[in-house]
Structures are given as C-alpha cells and as structure tokens.
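The values are calculated or read from the model by the stated rules, or taken from the named source; none is laboratory data. If you're wondering where the values come from, they're calculated on a predicted model, not measured in any experiment. Glycine gets a Cβ as well: all are built from the backbone with ideal geometry, and neighbour counts include every protein chain shown. Please note that ligands, DNA and RNA were not included when accessible areas were found on the heavy atoms of the full protein model with its side chains. Shrake-Rupley method; radii C 1.70, N 1.55, O 1.52, S 1.80 Å.
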Amino acid sequence: MWRQPVRWVIRRAEGIRGLSPPNTARSHGSSCVGSGKPWVRPGGFDTGLKTFNSLSKQREPLIVAREGVATWYSCGPTVYDHAHLGHASSYVRFDILQRVLSRLFGITVIHAMVITDIDDKIIRRSLEEKVSPAAIAALYEEEFKRDMLALKVIPPAVYLRVTENVHHIVAFIERIITNGHAYVTNEGDVYFDIQSIGSRYGRFVGAVGSQGEPGSSNKRDPRDFALWKPSKPQEPSWESPWGRGRPGWHIECSTIASCVFGSQLDIHSGGIDLAFPHHENEIAQSEAYHQCGQWANYFLHSGHLHLKGSPEKMSKSLKNYITIKDFLQSFSANEFRMFCLLSKYRSAIDYSDSSMLEARAALGTISTFFHDAQAYMKGQLQCSHVQEDFLWNRLAETKSSVMDALADDFDTPRATTALLNLVRHGNCQLQPVSTADGAARRPAVFGAMVAYLRDILDVCGIDLHTQEADVLSSSGSLEAVVDQLTYFRNKVRAFALAHQDASATGSPTKPGLHPERIPLLKACDALRDDLAPLGVVIKDRGASSTWEINASRRGPRPQHEGSETSS
C-alpha cells in the first residue's frame, strides 16, 4: 500500500517529460525576487488556481507542464525519532492541498518523497542505543508511516530512501563537478561552489536566516555547502571517486527528485524552516546539474506549529513537542484536520487544548446537523414551515464560495466558514415543534445539503460517518439495537407525557401529568444520560426523540441535559 514500484513512478514521470519539453518557461509574466534569479512564469496548462509561490513571493497562476497532471516533490522525514505535531501539521496541510487539487480541480498529483535514513542525528542515536543506524532508521520510518496512516495522509506514489540511491547521488555530484559548479578538497570533501552561479543564488535568503554551514576551512566561500563528506570511524560509508564517505543533506533531494521527474518539476513543498538553506541549495544543485534556468516552478511552504504562548516552533531540539501517537490518545484525526482547515497552510499555527476543542466543536456542529437533517428526512423530527427556496439558494452560494476560496491559494479558513454558515442556515430551519402544523415536508433540500457537506469534508480527508461507525463498533453496539431502544423509550415517554384532563387535576384550566407516571419520565431521563458517555446521544424533540453517535461525548458522564419532570 505504501510503496508503488519505483520503476512505475519513473516510467510515469518519463511519459510526462516526453510529452512536455523540460524547459518550457516563458519570459512574460515574470515576477522579480529581491535577490537571486527572477522567477519566470512557465508555459503549460493553467489549473484555474492561484497559489503563493515562494520563488516570486506573491500569488501566481498555478500552471503545470502537462494538462491534468502535477508533479510534486516533498522533503520527507529524517527518521531518528518519533514524529510530532509539528511534522503532522505540515504533512496534513499539504495532504489537504493535494486532495483539493485532485478531487475538485481534476489534477492528478504524482507525489514523490524522500526518506532520509542516513544522517548525523541517526548516527548519534545509533551510538547511544548501541544498534546500527539502519535499525534506527527502519524503526522510525515504519512508525512515521503508521502515524501518517492514522492521520489519514494519502501516501505518495513512491518513497525513496537515501541509502538505496547513493550510486545515483555520486553520479549527480560528478556531473556538477564536470559542469564547473563544485570542487574537491584535500580532505575528500566535495563542496558546491556558490560563486560559480553568481547572483542566481539567494531566492530564499532571509526566509529563516542565511548563515553559512560549518565545514572544512578549505571552503572557498563560507556559503559553500557539502555534497559529499568523508566517513569517520564507526560511520556508514560508500565508495566514491573522492574516497569512502556519505552524501551531504541537500544533495539527496535534488538527486532523487531528478531521478523521478527529470529537469522540470511543477511543485516542491516543505516547511518554511526548509526554505533556507535546504531548498535554496536544492535549486542551486539541480540547476547546476541540469544546466537549466528554472528547475522547480513553484515552492509551497507551510507555516510553523507553535505551542500557544511560545514564540518557538515545535521541534525535537527544543524538547517542546507532542508526539503524534500521544496526541491521538486525546483527539481524533478528523479533529486535527479541522484544526488545520481553520488556518491558512502558509500561516504559523498555535496549538493548544482550547484550539483543538474549537475544532472539535466545529465538527460537532456539522455532525449534529447531519443527524437532525436525517431525522427530519425520515419523518422523526417535526418542524415548522421550511423555507426551501432559501436553502437551495444558500447551498448554491456555498458551493460557489468554497470553490472560489480554494482556488485562491487554497484558502481553507474561508471555505470552512462558508460550510459552517450553510450548517447554521440549515439549523435555523430545523426548529422542532411538539405537534405537526400541517406544513408540507421538504426533505430533498436537506438531502442535498448533507450530501454536499459530506463530499466536501471527504475531499479534505474528514469522514464523520467512519468516526460514528468506529464508536458503534468499539462499544459493541449495533445501529439497529439503538434504533429499537430509542423507539421503545419514545413509546414509554409518550405514555408518561400524556396529560390528565383539567377536571382530574382540580384545575379548571391547567391539565397536568399523571403523578404515577412521573417515575417513567425519570427513567427515560436516566437512560438518556447513561447512554451519553458511551457516545449515544438521545435528543428529545417535542413529542419524539432522535439519536446520534458523537465520539467526543464518550468518557465521563456529562451534566444532564434537562429533565421532563423538573418543571
């Protein structure tokens, strides 16, 4: 499930490259960058979206090389420890973007990701644990994949490990040297020569700082970065023309992306912390290797995740992180996706229990509407006159607003607000009454609203029906059993609510309940309250009742929702 054959992905990418020349950039419509080479608007197929391109620092029309297909490369994890919510926010946000691009705009996304399975951090961890670097990498790679599955992130078409591609990396470095853009030191290091590309370097300088990397004192320029490092004792190493060693960090992404997509890439994504120096150096290496003017046409960067009140991003080095596994003990994947939808993918995002409860409440509002609308469609919920034309118009407006928002740099907060407004309008029409007033029922419009909301949430990776089914399954309950239980309770409740006539109560004007039936009402209230912590929420609607599954209600007994006998 997780890995398509590499040959298949490469053949698919070669087919794309064969039908679309690798260098189709046009000079018109370019946007100047503060430093580095100006971005050039590519030729190709206009998707109808605009997205913020870090290369031009502004919104640009999203144009892909081949109609209906987008090539997409993303930097994967360095697998030396547990993945945390900072990683999750980036991967989930870009998963939402890819789903929107594919499901709403008809663009097939061919996504490749690298797994960094050899690195200084992996080596340090292996020495601490007294196991091989390969064992550390394999352990945390599988955990990362399990975490992504738990968060409902669609896996890329292919994962490629650095250790399985070292021979490609060596050949990539050799060609950069041949092209005059890298040099070898006496110690056996290979460095990229920044001065060889002049003003072309610096597209992302200032994104998160621009300090040079540490390394040999024989570097020609402090900004020069390592393509190859000589091995040290107890470190994994590979043969190369410059002696045994291992790749630098940046070269792995350039090599592997080029192996799959060649000299032209539509979209490259990653966290904003990777913009400089990692993505900057990827561009320099790739364009030096391919001798092309613009290797990747669009860079999309996600904002950092912060613990609320902290100016620092969530990271392992700062030890201020929450692992994905721990997070999913308290909140669901659906709730985390709603949390991500409520902010723009490019924005920094504050994480806290209160922000997660806000996301949970938004999902709860939608889920409640689903159940009320379905109860109305089944005839279980009596309402006053429904303004059908008004709701049809609101539905059409919502569809248009959502598409406009998502076409404008994937503006998920604006799209989500439009969806919640539609739910609000629907709820306003679903006001229960005790007795039917003879108004004609209008179930079709509610069916259309529920279907649309389910579809658009599914596009974003949220499936409320699955969440309900999980609760039913885990509690050992069956939908039919809850239906029959609610039906029986309705019968008992209706009997208990029957009023005596006025003469029996001693009041000429005010009928009352039969006193001997009041314990039945109390039993109905107790049953409702006892089921709520199990995730089964019964709602009394005038003379009838409906039920729904609400996973967030599972746990300690909530406060009573009110008793029929308290008044």
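At a glance:
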| read-out | value |
| --- | --- |
| Residue satisfying all of: in segment 268-317; hydroxyl-bearing (S, T, Y) and farther than 22 Å from D224 by Cα; most open to solvent (accessible area, probe 1.4 Å) among these | S317 |
| Filtered residue count, segment 75-119, keeping only those that are in contact (Cβ under 8 Å) with a residue 60 or more places away in the chain, outside any loop (DSSP other than H, G, I, E, B) and closer than 12 Å to R161 by Cα | 6 |
| Subset of segment 220-276 [over 22 Å from V166 (Cβ atoms) and β-branched (V, I, T)] | I267, I272 |
| Search result, residues across segment 159-200 that are farther than 21 Å from P247 by Cα and either crowded, with 21+ Cβ neighbours inside 10 Å or without any contact (Cβ under 8 Å) to a residue 24 or more places away in the chain (or both) | G198 |
| Subset of segment 244-259 [more than 20 Å from A284 (Cα to Cα) and open to solvent by 30 Å² or more (accessible area, probe 1.4 Å)] | R244 |
| Yes/no for W242 being in a loop (DSSP other than H, G, I, E, B) and modelled with pLDDT of 95 or more | yes |
| Residue within segment 145-158 that is under 25 Å from G262 (Cα atoms) and over 18 Å from the mean Cα position of the chain (by Cα) present | yes |
| Verdict on D224 being crowded, with 18+ Cβ neighbours inside 10 Å, modelled with pLDDT of 90 or more and under 29 Å from S347 (Cα atoms) | no |
| Within segment 370-385, considering residues that are among the hydrophobic types (A, V, I, L, M, F, W, C) and surrounded by 20 or more Cβ atoms within 10 Å (Cβ to Cβ), the one farthest from S544 (Cα to Cα) | F370 |
| Checklist (1) on the phi > 0 side of the Ramachandran plot; (2) part of a helix (DSSP H, G or I) applied to D389, failing item | (1) |
| Of all residues making up segment 515-530, the number that are in contact (Cβ under 8 Å) with a residue 12 or more places away in the chain and either closer than 29 Å to S330 by Cα or not in a helix (DSSP H, G or I) (or both) | 5 |
| Qualifying residue in segment 390-406 (condition: aromatic (F, W, Y), at pLDDT 95 or above and under 30 Å from L307 (Cα atoms)) | no |
| In segment 525-536, residue farthest from V482 (Cα to Cα) [restricted to those that are modelled with pLDDT under 85 and open to solvent by less than 60 Å² (accessible area, probe 1.4 Å)] | P533 |
| Qualifying residue in segment 101-112 (condition: basic (K, R), open to solvent by less than 20 Å² (accessible area, probe 1.4 Å) and more than 28 Å from W228 (Cβ to Cβ)) | no |
| Test: residue in segment 238-252 that is out of contact with any Asp or Glu (no Cβ under 9 Å at 6 or more places or on another chain), of a type in the set (K, R) and over 30 Å from R337 (Cβ atoms) | yes |
| Strands (runs of 3 or more DSSP E) within segment 270-351 that include 2 or more residues at pLDDT 95 or above | 296-302 |
| Among residues of segment 387-410, those that are charged (D, E, K, R) and either more than 26 Å from the chain's Cα centre (by Cα) or buried (at least 20 other Cβ atoms within 10 Å of the Cβ) (or both), counted | 4 |
| Contacts under 7 angstrom Cβ, first residue in segment 367-395 being without any contact (Cβ under 8 Å) to a residue 60 or more places away in the chain, partner crowded, with 17+ Cβ neighbours inside 10 Å and among the small types (G, A, S), 6 or more apart | L391/G426 |
| Extreme residue, nearest to G270 (Cα to Cα), among residues of segment 284-298 that are aromatic (F, W, Y) and within 30 Å of the chain's Cα centre (by Cα) | Y298 |
